[in-house]
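The values are calculated or read from the model by the stated rules, or taken from the named source; none is laboratory data. Quantities reported herein were computed from a predicted structural model and do not represent experimental measurements. Reconstructed Cβ throughout: ideal geometry from the backbone, glycine too, with neighbour counts over all protein chains shown.
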Amino acid sequence: MPRDIPVGNGSFLIAFDADYTIRDLYYPRVGKENQTLGYPSRFGVWTQEGFSWVNARDWRIALGYLNETLVTDVRASHERLGLQLVCNDAVDFEKNIYVRKVLVRNLRKYERGVRLFFHQDLSVMENEIGDTVFYDAKQNCLVHYKGPRYFLINCSAGDVWGVREYATGIKRLRGAEGTWRDAEDGILGGNPIAQGSVDSTIGIPLEIPPHGEAVVYYWIAAGRNYGEVDALNDILVHDKPQKIIDRTASYWRHWVNKEEFNFGNLPADVVGLFKRSLLVLMTQIDSGGAIIAANDSDIKQFAKDTYSYMWPRDGAMVSYALMKAGYTTTCGNFFNFCANTITPYNFCASVMVEDGFLLHKYNPDGSFGSSWHPWVKGDEIHVPIQEDETALILWAIWRYYDLYRRMDEIRPLYHSFVEKAADFLVSYRDEETGLPLPSYDLWEERRGILSFTAATVYGGLIAAANLSDIFYHTEKASLYRETAAKIKEAIDQYLYSEKHQRFLRMIYPKEGGPLIIKDENYEQDATIDASLYGMFAFGVYDPFDIKIQNTMKAIESALWVRTRIGGIARYENDGYQRIGNDGAIPGNPWIVCTMWLAQYYVSIAKSVEDLERVVNYLRWTVSRALPSGVLAEQINPYTGEPLSVSPLTWSHATVVQTVMDYLEKLQELHTCERCGRSIFHYDRAGRQLLKKHLPAHADAISDQEPIKYLDEAHFKKDGENITVNIDQGRCVGCGICVANANGVIDVVDDKAKIIAGKAADWDIKPGFEKCCPLEAITVKTA
C-alpha cells in the first residue's frame, strides 16, 4: 500500500497509508529506526451511532497536502456517523515534533457527543521486547520508551490540555490484540503502565453543537531521553500546536519557491508536480547525508527487507537533480557521507584487500546494508559491487563543482574520495580490451560488462580528470582521461552491435571461459534496456550520434507499454512484480525510465515545437501520480495504480531533472538572432533582471481598484475594431512586448498580460505583434 502523504524533517519521518493510518515512524534517522515496524497506529471515532476506525472502505477519504507545503490536507467523511473530518499533519521543520490538527464537523442538526481515539503501536528501536508505556501525571501525557528512545504523546481540545482518557496494555501476545480494541466501545480502561510488547490509546471527548465544529490537536514528541521530550512538549504548550503547523507550512512554502523559477510555457500541473517532487524528496533524505531510496515498509512482504537504504547510484542521481534545481546543502552532505564510507575494505584478511569502491547499499548511519550479491562464485572471489555506483558519485561531484564552483567544498573530497574512486575505476578493467571488469547491473539482477556501467565509468573518469586539473594533479588527470578514451574505444568495439544497429545491454564471460574478452570467450545480451540512455547521459556520445538515435528509437519502440496506461518499461520481458503476460506489456512502466526518454528528447530538441513531446511525457507522469502528487516506483499497466514502493525518491528526482533540463533547453532555444543572447531566463537572476529593466505600470492604476489583466483585449482605434491576443502557452515572459506597448502590457506571473484599464486608449502601432520573437501575439482588425 503506498505512502501517500509523508511528512518529515530529516530525522523524524511519519508515513501514512491509503487509510490515513500511520504505518511508518522513523526516528532518529530517515530510514532507521522504524519505530512501528510497519504496524498500523489507528485513528478512530465514536458517536452514539457507532464506532469506526478511519479507513478508505468506510470513509470517503481525500489525501493531499496544503499547496506547496509539507503539511497534509486530509478530508474524511462518514455518512452514517454524520461527521466530516478536516485534518492537517506536520512534522516541525527543525524540532522532532509531529502534530495533527483535527477539525470535526457535526453534520447533524442536533448537539452530539463525539470521541476521537488515537492509537500508538510502537516497537521502540525496531523490536517489541522490553518496551514500556506509562501515564505521566505531571504532564498529563503518555510516554513510550526503551533505552535512548522516548516518545511523548499528548493532546488538547479547546481549553482542555493533556490526556484524560487512556489505555496501556499488551499487544500481539497471549491473544491480546492491543488497546485499540478497548476503544471500540467508546471507553478506555485507564491502565497507567504496561511493559513488554505494548501499545497505547488515548481518547478525546467532544461536545459539538448542531452543524457545529470542534478542533483537536494531537502530537508526538521524539527524543533520546525524558528531558528532551518534556522540553518539546513545553514548546507545544507555550507556543500552541497551531503555530507549529503554521510555521512549518511557511517554511516549506518559502523553501520550495526560493529559486523563483520562470517556468516558461510549462503547464501548471507539471509545475505543481515539480514542486511536490522537491518537497517529497526532502522527506526521504536523512539530515546526516544519506539519500534513502524509499521508506515504505509494505515492501517487506516480498523478502522481509525494505528500500530504506542509501544506494549510491540513486543518491548520485537525486543529488544531481537537486543541484540543478538550486538545492545544494543536501548535495554537500551526501558527498561527505560517501567520502566517509569509502574507507579501505578488508575481506578475508589477506585474501583480498580492495579500496576505492562503494558497496551495494548502506544504512542511514553509514554502515554496510543488507545485500544479495555473493562474495564468491565457485572458487572465484567476486567483488560484490555495482561499479556504476562508485562512478556516478564522481560524475555528480564534478557536476556540482561545474555548476557552483565551490572549491572549498570540493577540496576535502579530492583525496578522501575522488582520487581513491578514480584509481579503482582505472584498475578494475580488463587489460586487453580496456573495458570494466564484470560487476552487477543497476537493476541488481545480473553480473557482466554492462553498457550502462561502462558509460558511467567513462563519465566518472572524465569527471575525476577535470577535478584533478583543478588541484594540478596533472599525471592523474592524464591517466584518467587516457583510461576513459580507451573505455570509449572498447565500447565501440564490444558493446555496439552492427548486427542490431544499437548498443547491447551487456556482454559476459562464457561459463568456465577465461575473462579475456574475445569473440569466442563471451556471450552477448542484446536485450533492449532503458538504461542504455546512459550512453549519452554521461557524455560518452553526443545525443545526435546515429548510434544513440538508433538505440533510443529501439527503446521507445520496444519498451513503450501498449495499453491505455503507457509508459516505458525497464527492459524486455521484465519480470519484477510483473502484472500480466500479454505481448503489449514488455514489463511494468517505470517513472524513471519514462523520464529518461523525455530527457533524451530534451537533448535533441531544436525548436520549441520539439519540446512538446517532452511536455507530453511530463504530463503522463502527472497522470500517474497519486492525488497527493506522490510517485511510485512502478505503475500497474492496466489500471494505472502504483506498484512497489511509494514514494520512490528516484522517481521524483527524475521529474525534477527533466523539468530543469527542459527549462535550460527553453532558454537555449530562445536566443536573439541579433545579439546571440537568450531572451528567456528561467532562473532568479533573470527574473530580477527583467524586473529591473521593465517599467512599473501598476502604479498608474488607482490604488482603490484591483488591477484586471487580460489575455485578449478588444478596442477601437481610428474607427477599426482591434483584437489583441497573447497566447499564454507560447509566452515565456521575456518582457520584449512590454517595452513596446506604451504601458498597456505588463509581466504577471511570468506571462505577458494586457492591463484592462489601459486597453481602450492603446495607441497600438502597426506591426506591433512582430516584436514578439515567439509569435505569441496576434493582432486582428475588422
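Things worth noting here:
- Options LEU626, LEU631, LEU663: the member that is crowded, with 21+ Cβ neighbours inside 10 Å and not in a helix (DSSP H, G or I): LEU631
- The set of residues from the stretch 346-382 being among the hydrophobic types (A, V, I, L, M, F, W, C), part of a loop (DSSP other than H, G, I, E, B) and at pLDDT 80 or above comprises PHE357, LEU358, LEU359, TRP372, TRP375.
- Members of the stretch 268-293 that are assigned to a loop (DSSP other than H, G, I, E, B) and out of contact with any helix residue (DSSP H, G or I) (no Cβ under 6 Å at 6 or more places or on another chain): ASP286, SER287, GLY288, ILE292
One line per residue, one yes/no per condition, for (1) modelled with pLDDT of 95 or more; (2) closer than 29 Å to ILE568 by Cα; (3) touching a Ser or Thr at 6+ places or on another chain (Cβ under 6 Å); (4) among the aliphatic types (A, V, I, L, M):
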residue	(1), (2), (3), (4)
ASN466	yes, no, no, no
HIS473	yes, no, no, no
LYS476	yes, no, yes, no
ALA485	yes, no, no, yes
ASP492	yes, yes, no, no
PRO514	no, no, no, no
GLU520	no, no, no, no
LYS553	yes, yes, no, no
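- The residues in the stretch 283-330 that are of a type in the set (D, E, K, R), within 15 Å of the chain's Cα centre (by Cα) and modelled with pLDDT under 95 can be counted, and the count is 1.
- Of the strands (runs of 3 or more DSSP E) lying entirely inside the stretch 124-182, not one contains at least 3 residues that are at positive phi and out of contact with any Cys (no Cβ under 7 Å at 6 or more places or on another chain).
- Residue selected from the stretch 716-775 under the condition touching a Pro at 6+ places or on another chain (Cβ under 8 Å) and in a loop (DSSP other than H, G, I, E, B), by the criterion modelled with the highest pLDDT: GLY743
- Test: LEU425 is more than 18 Å from ASP492 (Cβ to Cβ), touching a Gly at 6+ places or on another chain (Cβ under 7 Å) and either in contact (Cβ under 8 Å) with a residue 24 or more places away in the chain or part of a loop (DSSP other than H, G, I, E, B) (or both): yes
- Selection within the stretch 128-179 - under 22 Å from GLU33 (Cβ atoms), hydroxyl-bearing (Ser, Thr, Tyr) and without any contact (Cβ under 8 Å) to a residue 40 or more places away in the chain: THR168
- Exactly one residue among MET506, MET535, MET595 is of a type in the set (A, V, I, L, M), in the same structural domain as SER439 (by TED's automatic domain parsing) and within 25 Å of the chain's Cα centre (by Cα), and that residue is MET535.
- Count - residues of the stretch 84-108 that are assigned to a strand (DSSP E or B) and under 14 Å from ILE14 (Cα atoms): 8
- Only one of VAL74, VAL104, VAL133, VAL99 that is within 23 Å of SER628 (Cα to Cα) and either more than 27 Å from the chain's Cα centre (by Cα) or outside the structural domain of LEU236 (by TED's automatic domain parsing) (or both): VAL104
- Selection within the stretch 467-487 - buried (at least 19 other Cβ atoms within 10 Å of the Cβ) and part of a helix (DSSP H, G or I): LEU467, SER468, LYS476, ALA477, TYR480, THR483, ALA484, ILE487
- Some residue of the stretch 383-403 being part of a strand (DSSP E or B), under 30 Å from GLU523 (Cα atoms) and modelled with pLDDT under 95: no
- Taken over the stretch 262-288, the criterion of being under 20 Å from ALA339 (Cβ atoms) and surrounded by fewer than 24 Cβ atoms within 10 Å (Cβ to Cβ) is satisfied by SER287, GLY288.
- Of all residues in the stretch 563-578, those satisfying the criterion of being touching a Pro at 6+ places or on another chain (Cβ under 8 Å) and more than 12 Å from THR527 (Cβ to Cβ) are THR563, ILE565, GLY566, GLY567, ILE568.
- All of (1) modelled with pLDDT under 85; (2) farther than 26 Å from PRO267 by Cα hold for CYS672 with one exception: (2).
- Residue selection: ASP529 satisfies the criterion of being under 24 Å from ALA598 (Cβ atoms) and either out of contact with any Gly (no Cβ under 7 Å at 6 or more places or on another chain) or modelled with pLDDT of 95 or more (or both).
- Single match in TRP398, TRP443, TRP372 (criterion: surrounded by 20 or more Cβ atoms within 10 Å (Cβ to Cβ) and either over 24 Å from ILE548 (Cα atoms) or in contact (Cβ under 8 Å) with a residue 60 or more places away in the chain (or both)): TRP398
- Residue within the stretch 220-237 that is among the hydrophobic types (A, V, I, L, M, F, W, C), within 18 Å of VAL54 (Cβ to Cβ) and within 29 Å of the chain's Cα centre (by Cα) present: yes
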